[in-house]
Structure formats: structure tokens, C-alpha cells
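Read the structure below first, then the notes.
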Amino acid sequence: MNILTRDVPPRAAWALEQAGLHPLLARLYAARGITHPDQLDDALARLLPPSSLLGADAAARALADAMHAQQSICIVADYDCDGASACAVGLRGLRLLGAPKGFERVSYLVPDRVKDGYGLTASIAQRVHALGADLLVTVDNGIASVDGVRAARALGLQVIITDHHLPALQDGAAVLPQDCIIVNPNQPGCGFESKSIAGVGVMFYVLLALRAELRARGWFTAQNQPKIDSLLPLVALGTVADVVRLDANNRRLVAQGLKRVRAAAMPAGMAALFKVAARQPAGATSLDFGFALGPRLNAAGRLADMTLGVECLCTDDAGRAEELARTLDGINRERKSIEGEMREQALLLAEDMFDASEEPPPALVVFDPDFHEGVVGIVAARLKDKLHRPSFVFAASAAAGRAHELKGSGRSIAGFHLRDALDLVAKRHPGVLLRFGGHAMAAGCTIEEDQLERFEAALQQVAHEWLDAATLQRRLEADGALAPQHRRVELVDMLLQQVWGQGFAPPLFCEELHVLSQRLVADKHLSLKLRHRGEPVDGIWFGRTEPLPERVTLAFRLEADEWQGQRRVRFLIEAARY
């Protein structure tokens with residue numbers, strides 16, 4: 001483990017401190033590229049304008065026309081938390097904006113992960129048509145659905161694609177669905193600065209553009225227009241749960257959502273999810289979205305039906321919301337059990353690929369006939385975290401008529417663009433990949449079972465070419481030592497209230513500590529008594545069973561631990577350097 005200390009530009013830290021920020025916060029923000037206090041202004045007025053998102057105005061006009069004509073609109077969602085929250089934002093937002101005219105003709109459809117696969121397919125288009133829809137709107141999918149859009153248009157459906165994924169490539173050029181409206185910051189020609197916006201964020205921006213369009217048509221005035229900022233808790237949830245990079249625009253969306261959650265201004269389903277997760281909305285943090293609410297929603301898409309998740313986020317009935325949240329919590333417990341078994345098996349299979357004395361290969365590909373396809377992505381993430389290698393985990397497809405297909409999900413490390421790697425594999429080995437798509441850090445693909453070895457060899461060849469020894473070494477960026485005067489509960493609370501996440505990492509301190517005592521808790525966690533700058537402090541290393549030496553350099557986060565009514569600072573250990 002190579003623990004690096006982030007550079008803190010002194011002039012930036014000084015400017016932030018002079019603007020009134022706490023010295024610790026000023027240092028942390030400066031180390032993350034913040035150079036001016038204006039960059040921390042999370043006011044809604046500072047959001048990027050919807051007009052800069054290519055296709056948003058065209059989508060707004062098409063939606064307004066459909067609403068005026070009382071046409072039926074159907075939203076086609078995705079089966080993860082981003083897709084579910086984007087669907088809920090679309091449903092709630094369209095009804096909210098149509099309320100003055102009594103517009104209620106909006107429905108939704110969530111593809112089944114097993115039966116339908118990913119995205120807008122021809123079969124999904126048929127089902128939308130059977131519902132009597134006139135206009136089909138995708139959320140968090142569709143940019144690669146060339147055939148699905150063609151099928152929908154052949155059925156007479158108008159199509160709006162709202163997505164944030166990368167388009168498919170052919171000979172280096174983007175291949176886009178035709179004869180439809182596309183709203184996606186990653187499509188060619190779009191100048192929208194926040195390329196990392198989540199699918200739920202794209203849908204929210206379409207609603208902003210739609211409100212402006214309806215206002216221009218006289219549906220309402222600036223004074224009595226619906227306040228769609230009530231949707232921001234859902235936008236924040238989907239943004240954090242999808243692990244997109246928290247650039248300035250995404251941080252503003254998340255900050256605004258958190259403010260409303262802390263004020264109890266959120267959908268009943270979100271409040272119910274906080275309750276089953278034993279989290280307090282009044283002190284909500286971005287970590288609650290990523291590690292408490294998001295996984296419970298994602299579990300439905302992995303093992304059951306994400307319709308449960310959408311219904312939970314859409315209902316205004318508190319009793320129904322609690323019932324759905326309890327169901328989602330139960331599914332998540334099942335997911336954890338399946339994931340735990342698969343993770344152990346995946347690690348065994350991966351470790352069989354190399355001797356204990358050797359370094360792992362530059363990319364890992366794992367398959368077991370007993371794996372559940374709904375959990376392969378999260379297991380790939382665990383494998384990647386454990387061995388620091390781009391990792392693909394495959395399961396047999398459960399779709400009818402596809403008994404010989406394997407569905408894989410991959411997660412990557414910095415320096416290895418997974419979707420581009422799959423594109424290169426497809427070019428070099430035509431026929432190996434039946435379907436693929438995704439992002440830099442996460443991607444999915446489908447192959448024939450007899451092509452598994454070819455795929456593994458091809459992916460490892462790309463990894464050999466793209467990854468060097470330095471990239472393959474696990475690196476952890478830390479924020480240096482923690483001053484003793486900053487080891488206070490109120491400062492821990494202050495840090496937790498900030499917006500942290502992917503690309504804007506939460507504070508991680510690192511320094512040499514004296515281990516006073518250590519013991520195992522529940523046979524799998526290391527409980528520690530440490531000396532920090534002459535003072536004793538508690539520590540915990542979750543998932544660690546090996547003892548530590550008396551003096552060791554530790555990387556740790558801060559939490560306020562409560563015991564017998566008293567709150568104390570505790571160090572959450574993440575890594576050690578001997």
C-alpha cells in the first residue's frame with residue numbers, strides 16, 4: 001500500500017480561510033482543487049443552465065406538446081438506484097408541472113434485469129405501445145438502444161432519450177439512435193460542462209427546461225410556477241448512489257438535496273428508508289445515500305423487481321412507504337447473504353489464477369455457474385477493491401432462450417477505461433462480445449459461454465498494454481496528520497455535514513500512532529486503543545483480523561461514536577503502512 005499525502009496549495013487554503021472557513025476545512029478543500037469561496041456556493045442559481053444541455057429544449061417542447069394534447073407518456077427506467085430515482089423524478093415532476101392543467105397521463109415501466117436485459121429493447125417498445133403510450137421517455141438508459149428506438153418509432157411512438165452513459169462506438173465514431181430526441185451530456189456536440197451528471201440529474205434538467213417552456217406558453221407565471229426543487233432529495237440520492245464524480249454542479253445538487261432531507265422535506269419513501277436503515281434524516285450525510293438508502297433500492301433491481309423501489313419513492317402514503325421500505329430492507333439482507341457467498345467464491349477462483357508469492361494478473365475474469373447475475377457487479381467491485389485489478393464477474397444468463405450466454409459486470413481502477421477496453425476487445429476479436437457498454441470505471445457485457453477464455457485472454461492483453469507497475473500498485477491519497485486541536489466531536493460533525501463522494505473524497509488522515517491495546521470484535525473486526533499526540537483515542541478497523549505492531553502509520557477517517565450517552569471521537573482505520 002502506497003499512502004500519498006495530498007498537496008495543499010497554501011494560497012488557496014489561505015484565501016478560503018480568509019473567507020471565513022474553518023482552517024481544517026479550508027485545508028481539505030484546497031487539497032481537492034477549491035481555490036475560491038465562490039466554488040463552494042451551492043445556491044440553486046449557480047447551477048449550470050438547462051439551455052447548455054443539448055437536446056433539453058427540444059425535449060421540453062415535445063413534452064409540452066404531449067401534455068397540451070393530453071397524450072400518454074411512459075417513462076422507461078433502469079433497474080438501479082439512479083434509474084429508480086430518475087423515474088420517480090420524472091413521474092413526480094411531470095405530474096407537478098401538469099397539475100394546473102390537470103395532466104395525469106404519465107406511467108412508467110421498469111425492465112426486468114433477467115427477462116429484458118439492459119436498456120430500451122424491441123420487446124420493451126412493444127410493452128410501452130401495449131400500454132397505449134404516445135411518447136416514450138427513457139431515464140438513465142437508451143443512448144446505446146439503436147434497435148430499440150427503431151422498433152419504438154416503427155410502432156408510432158415518439159422517443160426522448162435521457163441518459164448519461166457513453167454512446168456506442170463504431171470505427172471510433174459515436175453511434176446514436178436515430179429519429180429521436182437525445183438529452184445526454186456525453187453525446188457529440190454537447191457543451192454541458194458537467195459530463196459526470198447522473199441519469200437522475202439529466203431528468204431533473206429536462207424538467208427545468210420543461211417548466212421554462214410551459215411558462216413561456218402561459219401555463220403559469222414565474223410567481224405561481226410549481227417549485228420542482230422538492231425533487232432535489234431524489235436527485236441527490238441517485239447522484240450519490242450512482243458513484244458519479246462529484247464535480248461542482250453535482251455537489252450543488254447533492255447539497256441542495258441534503259438541506260431538504262435534513263429539514264424533513266422529502267418523499268415519504270425516503271423517510272421510510274432512513275427509518276429502516278436506522279439513520280437520522282436530521283443529520284443526513286451523503287454517506288447515508290451511498291451506504292444506507294442506495295443499497296436497499298439497488299437490491300430490488302438485483303434480486304427482485306425495481307418497481308418496488310420506484311413505488312417506494314413515488315408514494316405519498318406514509319404507511320405504504322414503510323411497508324415498501326421494509327420489503328426493500330429484507331431484499332437487501334438477502335442480497336448481502338448472496339453477495340457474501342459469491343465474494344468468497346470469486347476470491348478463491350481469482351487466487352487460483354496465480355501463486356501466493358506472485359502478483360495477480362493485470363485483469364481478473366471470474367465465472368461460476370452458481371453465481372447470481374443480479375449481484376455480479378457488486379462482487380466485481382469487491383474483487384477490484386481486494387486485489388486492485390480491473391475485474392469482471394460473470395454469471396449464466398437466466399433469460400429464456402439464452403442458456404449459453406454469460407452476463408458479466410466489471411469494475412475498474414484508475415488508469416484503465418473499462419468501456420474503451422471492451423471496445424478494443426470487440427475490434428480485435430469480432431464475435432467475442434455480443435453486447436457491451438458502460439463507463440470508465442464500470443461496464444457490462446454479454447458473451448457466449450464458450451468465448452470466456454478468449455475474452456479473458458483479450459482483456460488481459462489490453463491490461464498488459466495499458467497498465468504499468470505504478471498503476472497496478474494500490475495507492476491511497478490522504479490529508480496528512482490530524483492536529484490534536486481538531487480531534488473534537490463538533491469538528492467531526494462539521495466534516496460530515498459537507499458533501500463528499502466520488503472524485504471529492506471524504507477526509508482521510510494519516511500519521512504514525514502508538515497502539516496501546518488491540519482485540520478482535522465479533523471475530524472479524526480489530527478494536528484498538530491508540531495514542532494520538534499524547535492522548536488516548538479509540539479506533540476500529542472493520543474487516544481486519546491481523547494484529548498491528550506497537551508503532552504503525554495508519555490512514556484513518558473520523559467519526560463521533562456514542563457510548564452510554566457520551567459522544568467521543570473514534571478513528572476508522574482504512575490502511576496501514578509498516
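The values are calculated or read from the model by the stated rules, or taken from the named source; none is laboratory data. Values in this document were obtained by computation on a predicted structure and should not be read as measured data. Please note: Cβ atoms are built from the backbone with ideal geometry, for glycine as well, and neighbour counts cover all protein chains shown.
Of all residues in region 543-562, none satisfies being without any contact (Cβ under 8 Å) to a residue 40 or more places away in the chain, more than 15 Å from PHE509 (Cα to Cα), of a type in the set (A, V, I, L, M, F, W, C) and assigned to a strand (DSSP E or B). Listed by first and then second residue, the pairs with beta-carbon distance under 6 Å, at least 6 apart or on different chains, first residue in region 486-515 and under 15 Å from LEU24 (Cβ atoms) and in the same structural domain as LEU258 (by TED's automatic domain parsing), second β-branched (Val, Ile, Thr) and assigned to a loop (DSSP other than H, G, I, E, B), form an empty list.
So, VAL499, is that one modelled with pLDDT of 95 or more, closer than 30 Å to ALA236 by Cβ and in a loop (DSSP other than H, G, I, E, B) or not?
Details: modelled with pLDDT of 95 or more: yes; closer than 30 Å to ALA236 by Cβ: yes; in a loop (DSSP other than H, G, I, E, B): yes.
Taking the combined requirement at face value, the residue satisfies it.
Just checking, does region 34-49 include any residue being outside any helix (DSSP H, G or I) and touching a Gly at 6+ places or on another chain (Cβ under 9 Å)? Scanning region 34-49, I find no residue that is outside any helix (DSSP H, G or I) and touching a Gly at 6+ places or on another chain (Cβ under 9 Å), so the answer is no.
How many of the residues making up region 321-357 are within 18 Å of ALA277 (Cβ to Cβ) and either buried (at least 20 other Cβ atoms within 10 Å of the Cβ) or out of contact with any helix residue (DSSP H, G or I) (no Cβ under 7 Å at 6 or more places or on another chain) (or both)? So that I can check it myself, show each step before the final result.
We begin by selecting, within region 321-357, every residue within 18 Å of ALA277 (Cβ to Cβ); these are 321-337, 339.
Filter once more, keeping what is either buried (at least 20 other Cβ atoms within 10 Å of the Cβ) or out of contact with any helix residue (DSSP H, G or I) (no Cβ under 7 Å at 6 or more places or on another chain) (or both): 321, 323-325, 328, 330-333, 335-337, 339.
Total meeting the criteria: 13.
From the list LEU528, LEU520, LEU491, which one is touching a helix residue (DSSP H, G or I) at 6+ places or on another chain (Cβ under 8 Å) and either assigned to a loop (DSSP other than H, G, I, E, B) or at pLDDT 95 or above (or both)?
Details: LEU528 fails: touching a helix residue (DSSP H, G or I) at 6+ places or on another chain (Cβ under 8 Å); LEU520 fails: touching a helix residue (DSSP H, G or I) at 6+ places or on another chain (Cβ under 8 Å).
LEU491 is the lone residue from the list that is touching a helix residue (DSSP H, G or I) at 6+ places or on another chain (Cβ under 8 Å) and either assigned to a loop (DSSP other than H, G, I, E, B) or at pLDDT 95 or above (or both).
From the list ALA130, ALA125, ALA99, exactly one residue is aliphatic (A, V, I, L, M), touching a strand residue (DSSP E or B) at 6+ places or on another chain (Cβ under 8 Å) and either over 21 Å from CYS81 (Cβ atoms) or at pLDDT 95 or above (or both). Which is it? Testing whether each residue is aliphatic (A, V, I, L, M), touching a strand residue (DSSP E or B) at 6+ places or on another chain (Cβ under 8 Å) and either over 21 Å from CYS81 (Cβ atoms) or at pLDDT 95 or above (or both) leaves just ALA125.
If you check LEU16, LEU63, LEU21, LEU28 for being part of a loop (DSSP other than H, G, I, E, B), modelled with pLDDT of 95 or more and at negative phi, only one passes: LEU21. Out of (1) of a type outside the set (D, E, K, R); (2) touching a residue at least 60 places away in the same chain (Cβ under 8 Å); (3) surrounded by fewer than 18 Cβ atoms within 10 Å (Cβ to Cβ), what's the single condition that is false for VAL310? Failing condition for VAL310: (3). Just so you know, in region 358-371 the residues that are in contact (Cβ under 8 Å) with a residue 24 or more places away in the chain and surrounded by fewer than 20 Cβ atoms within 10 Å (Cβ to Cβ) include one that is farthest from ALA396 (Cα to Cα), and it is GLU359. Put simply, of ARG382, ARG343 the only residue that is over 16 Å from ALA457 (Cα atoms) and not assigned by TED's automatic domain parsing to the domain that holds ASP468 is ARG343. For region 90-97, indicate whether the set of residues that are closer than 19 Å to CYS180 by Cα and buried (at least 18 other Cβ atoms within 10 Å of the Cβ) is non-empty. Yes, there is a match, as at least one residue in region 90-97 is closer than 19 Å to CYS180 by Cα and buried (at least 18 other Cβ atoms within 10 Å of the Cβ).
Quick grid of which residues meet (1) among the charged types (D, E, K, R); (2) at pLDDT below 95; (3) in contact with a strand residue (DSSP E or B) (Cβ under 8 Å, 6 or more places away or on another chain):
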{"residue": "ALA399", "(1), (2), (3)": "no, yes, yes"}
{"residue": "GLY415", "(1), (2), (3)": "no, yes, no"}
{"residue": "LEU418", "(1), (2), (3)": "no, no, yes"}
{"residue": "VAL425", "(1), (2), (3)": "no, no, yes"}
{"residue": "HIS429", "(1), (2), (3)": "no, no, no"}
{"residue": "PHE436", "(1), (2), (3)": "no, yes, yes"}
{"residue": "ALA440", "(1), (2), (3)": "no, yes, no"}
{"residue": "GLU453", "(1), (2), (3)": "yes, no, no"}
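Answer yes or no as to whether GLY269 is part of a helix (DSSP H, G or I), within 16 Å of the chain's Cα centre (by Cα), assigned by TED's automatic domain parsing to the domain that holds GLY199 and buried (at least 23 other Cβ atoms within 10 Å of the Cβ). No, not satisfied. Answer yes or no as to whether ARG320 is over 26 Å from PRO390 (Cα atoms) and at pLDDT 95 or above. Against the criterion (over 26 Å from PRO390 (Cα atoms) and at pLDDT 95 or above), ARG320 qualifies.
Cβ separations smaller than 8 Å between residues 6+ apart or across chains give the following pairs from region 229-252 residues that are free of Cβ contacts under 8 Å to residues at least 60 places away in the same chain to residues that are of a type in the set (Lys, Arg) and in a helix (DSSP H, G or I): LEU232/ARG260; PRO233/ARG260.
Filter region 103-121 for residues that are more than 27 Å from the chain's Cα centre (by Cα) and in contact (Cβ under 8 Å) with a residue 12 or more places away in the chain and give the result. Step through it out loud before you land on a result.
Step one: list which residues in region 103-121 are more than 27 Å from the chain's Cα centre (by Cα), which gives 103-105.
If the condition is that a residue be more than 27 Å from the chain's Cα centre (by Cα) and in contact (Cβ under 8 Å) with a residue 12 or more places away in the chain, then PHE103, ARG105 are the ones that fit.
Considering only residues that are in a helix (DSSP H, G or I), among the small types (Gly, Ala, Ser) and in contact with a helix residue (DSSP H, G or I) (Cβ under 7 Å, 6 or more places away or on another chain), which ones fall in region 220-238? Steps first, please.
Our first condition is that a residue be in a helix (DSSP H, G or I); within region 220-238, this holds for 228-238.
Going one step further and asking which of them are among the small types (Gly, Ala, Ser), we end up with 230, 236, 238.
Once the filter is applied, which keeps residues that are in a helix (DSSP H, G or I), among the small types (Gly, Ala, Ser) and in contact with a helix residue (DSSP H, G or I) (Cβ under 7 Å, 6 or more places away or on another chain), region 220-238 yields ALA236, GLY238.
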